[in-house]
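J.: Mind having a look at this structure? Questions to follow.
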Amino acid sequence: MDLMHHSSTFLLPTIPLHHRPSLTYALVVLNQTLPRFAPLLWKHAQLRLCADGGANRVFDEMPLLFPEEDASDVRRRYKPDVINGDMDSIRKEVLDFYRSLLCILVAGALGGRYDHEMGNLNVLYCFSSLRIVLLSDDSLIYLLPRTHHHEIHIQTSVEGPHCGLIPIGVPSRSSTTTGLQWNLNNTEMRFGGLISSSNIVVGEKVTVQSDTDLLWTISIKKL
Amino acid sequence: MDLMHHSSTFLLPTIPLHHRPSLTYALVVLNQTLPRFAPLLWKHAQLRLCADGGANRVFDEMPLLFPEEDASDVRRRYKPDVINGDMDSIRKEVLDFYRSLGTKIIDKSHDQDTTDLHKCITYIWDFAPDANKSSLCILVAGALGGRYDHEMGNLNVLYCFSSLRIVLLSDDSLIYLLPRTHHHEIHIQTSVEGPHCGLIPIGVPSRSSTTTGLQWNLNNTEMRFGGLISSSNIVVGEKVTVQSDTDLLWTISIKKL
């Protein structure tokens, strides 16, 4: 019969280097008051999950364990990798908060069959409250929802200068930009008329506001 | 409402004699890798234009499609009638080569308001007598892929010239506009295209579209981005009909032969 080792090293401030057994920790937080050593468990874990209302606990109570720090900073630092469950306990503001920290990168969505490419584009519109970025070798594209003003910080070492703003699905009666070679100024855009393609970013910040969801696209530099 | 017929006969080795509609083809080559069937499109076209760097593509890549032949012979055989555009991509050696063979060079470098494709379509529009415009079909190679803003700009050209038949082609798909002004019959060339297809309401939502001949037909169905669009559909049989309250984009897969 084999020997099995046990040790509560996950309660130590640091896990000794040559400690055996060498374990990988995952943390699951359920919907009860966080133990006072929750940050320690979080630190040791490589995967952190909240089960439904456990996310409320992390959102509400992690900041209480760091009273000297700004609550938003603490919440961003203690961001679960996964929230799993039937979602009948998690508060909407908590779910929206963690969703807003998520950005889904998609490789392979462009090129190939055109109906697939359009279907993939439609996914951006169907999930317009999620950040989703479609990437190819040449370009990246994402949605700028009409519900917000937008500031796009250009990473000039890897992207640009060619860019575009495309009114897919619905014409735009009024769009306004700064930071582009050909800025829009309450400008109408629609298929069959003007769309902003072959534009150029000037500098490192582009701002966009529009009455409709616009698709932002920028070229990726060949490095 | 009039009926408009569509058929991808330009992908067939030879176009049947009494085929209708009887169309005159023009080919525009943009600056992307040539599709493997580029020589076939070239053969069917009566007017062949390169948009700026499209000329580099013909110069470099046509010989690759005929590896057993001498490159110079291939280049002479596949000589564009016109090279049009702002000339910021075409290589000097390529420009000089085609100029020496008699290709008409139209330098539009002063015009930064339109894309190279737009310039080529405008040229063809001005060139073709009015009487022939309805029997004209412009095939465009290299409009898809590459920079996405270019792809969207090329797509917009279809909408800006909605009374012209313009087909954008890649190795994998072809796309063209079905203007709302007509009912449409699409005759499927099953030897070269399909079965994957789609109908896309780019630009404006469609309150009502109706089809026959698809696996998932539309029946006064609403379509819009953020809701339903017809992608990953399948053609069943050899005829698809479409009518809609808006301009729809039709796309179908090209078979790998």
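J.: Which of B:H19, A:H5, A:H44 comes first, and how do the rest follow, when ranked by fewest Cβ neighbours within 10 Å? Intermediate results must be reported in sequence, preceding the final value.
T.: Details: B:H19 13, A:H5 8, A:H44 18.
Ascending Cβ contact count within 10 Å gives the list A:H5, B:H19, A:H44.
J.: How big is the equivalent ellipsoid of the stretch A:184-223 along its three axes, where each semi-axis is √(5λ) from the Cα gyration tensor, reported in whole Å from largest to smallest?
T.: That gives 21, 13, 10 Å for the three semi-axes.
J.: Choose one of A:N31, A:F66, A:S210: the residue whose Cα lies farthest towards the positive end of the charge dipole of chain A (beta-carbon charges +1 Lys, Arg; -1 Asp, Glu; about the Cα centre).
T.: A:F66
J.: Out of B:V240, B:V29, B:V204, any idea which swings most in a Gaussian network model of chain B, alpha carbons joined below 10 Å?
T.: The residue that fluctuates most here is B:V204.
J.: Hey, any idea what Rg/Rh is for the stretch B:21-171, computing Rh the Kirkwood way over Cα pairs?
T.: A ratio of 0.94.
J.: Here's something else I'd like to know. Output the pairs from B:K119/B:K239; A:K221/B:K104; B:K92/B:K255; B:K108/B:K133 with a Cα-Cα distance over 28 Å in this structure; if there are none, say none.
T.: As for pairs spanning more than 28 Å Cα to Cα, those are B:K119/B:K239; A:K221/B:K104; B:K92/B:K255.
J.: Ignore the peptide's own chain and count Cβ atoms of other chains within 10 Å of each Cβ in A:162-170; give me the average, rounded.
T.: Neighbouring Cβ atoms belonging to other protein chains average 6 per residue here.
J.: When Cβ neighbours within 10 Å are restricted to other protein chains, what is their mean count per residue of peptide A:117-125?
T.: Per residue, the number of nearby Cβ atoms from other chains is 6 on average.
J.: Mind pulling the angle between the C-alpha long axis of helix B:116-127 and the longest principal axis of chain B? Nearest 10 degrees, somewhere in 0 to 90.
T.: That helix lies at roughly 90 degrees to the long axis.
J.: Let me ask you something else. Please report the orientation-averaged projected area of chain B, defined via the convex hull of its C-alpha atoms, in nm².
T.: Across all orientations, chain B yields a mean hull projection of 14.1 nm².
J.: If I take every Cα pair under 8 Å that is 6 or more residues apart in chain B, average their sequence separation and divide by the length, what percent do I get for the relative contact order?
T.: 19
J.: Same structure again: How high is the relative contact order of the stretch A:1-148? Use alpha-carbon pairs under 8 Å, at least six apart in sequence, and give a whole percent.
T.: Once divided by the residue count of the stretch A:1-148, the mean separation gives 16 percent.
J.: Beyond 17 Å, what share of the Cα-Cα pairs of the stretch A:103-220 is found? Please give it as a whole percent.
T.: 54
J.: Now for a different question. Taking the Cα centre of each part, how many Å lie between the stretch B:162-216 and the stretch A:107-147?
T.: Cα centroid of the stretch B:162-216 versus Cα centroid of the stretch A:107-147: 21 Å apart.
J.: Taking the Cβ-Cβ separation of B:L257 and A:V28 as r and a Förster radius of 56 Å, what is the calculated FRET efficiency to the nearest 0.05?
T.: After rounding to 0.05, the efficiency reads 0.55.
J.: Average partner chain C-beta neighbours within 10 Å, per residue of B:139-148?
T.: 5
J.: Among A:R146, B:R207, which comes first, then next, by fewest other beta-carbon atoms within 10 Å?
T.: Values: A:R146 17, B:R207 14.
Neighbour counts put them in this order, fewest first: B:R207, A:R146.
J.: Hey, got a sec? Which GluC sites (Glu not before Pro) in the stretch A:29-77 land in a DSSP loop and have at most 15 other Cβ atoms within 10 Å? Before the final figure, lay out each step's value.
T.: Values: sites: A:E61, A:E68, A:E69; in loops: A:E68, A:E69.
The qualifying sites are A:E68, A:E69.
J.: Right, another one. So which residue, out of B:A128, B:A143, B:A51, gets the largest mean-square fluctuation from a GNM of chain B using Cα contacts under 10 Å as springs?
T.: Answer for the Gaussian network model of chain B: B:A128.
J.: Roughly how compact is the stretch A:24-101, stated as its Cα Rg over 2.2 N^0.38 Å to two decimals? Walk me through the numbers on the way to the answer.
T.: Values: Rg = 11.5 Å, N = 78, 2.2 N^0.38 = 11.5 Å.
This ratio for the stretch A:24-101 stands at 1.00.
J.: What spacing in nm lies between the two simple spin-label points modelled at B:N219 and B:A71, each 7 Å away from Cα in the Cβ direction?
T.: Modelled inter-label distance: 5.9 nm.
J.: Follow-up. Nearest 20 debye, what's the magnitude of the dipole of the stretch B:101-257 about its Cα centre given +1 on Lys and Arg Cβ and -1 on Asp and Glu Cβ?
T.: The calculated dipole for the stretch B:101-257 is roughly 220 debye.
J.: Right, another one. For all pairs of alpha-carbon atoms in the protein assembly as shown, what percent lies in each bin of width 20 Å, listed from the first bin to the last filled one?
T.: It works out to 21, 45, 23, 11, 0, in whole percents.
J.: Which percentage, to the nearest 5, of the DSSP beta bridges contained in the protein assembly as shown is antiparallel? It would help to have the intermediate numbers written out before the result.
T.: On the way: 55 of 96 bridges.
So the antiparallel bridges amount to about 55 percent of the total.
J.: Okay, which of the stretch B:52-84 sit inside 13 Å, backbone N to the point 7 Å along the Cα-Cβ direction of B:R99?
T.: It comes to B:83, nothing else.
Readers should treat all values here as calculations from the given coordinates under stated rules, not as data from a laboratory. Since the structure is predicted, the reported quantities are computational estimates derived from the model, not experimental observations. Here Cβ is always computed from backbone atoms with ideal geometry, including for glycine, and neighbour counts include all displayed protein chains.
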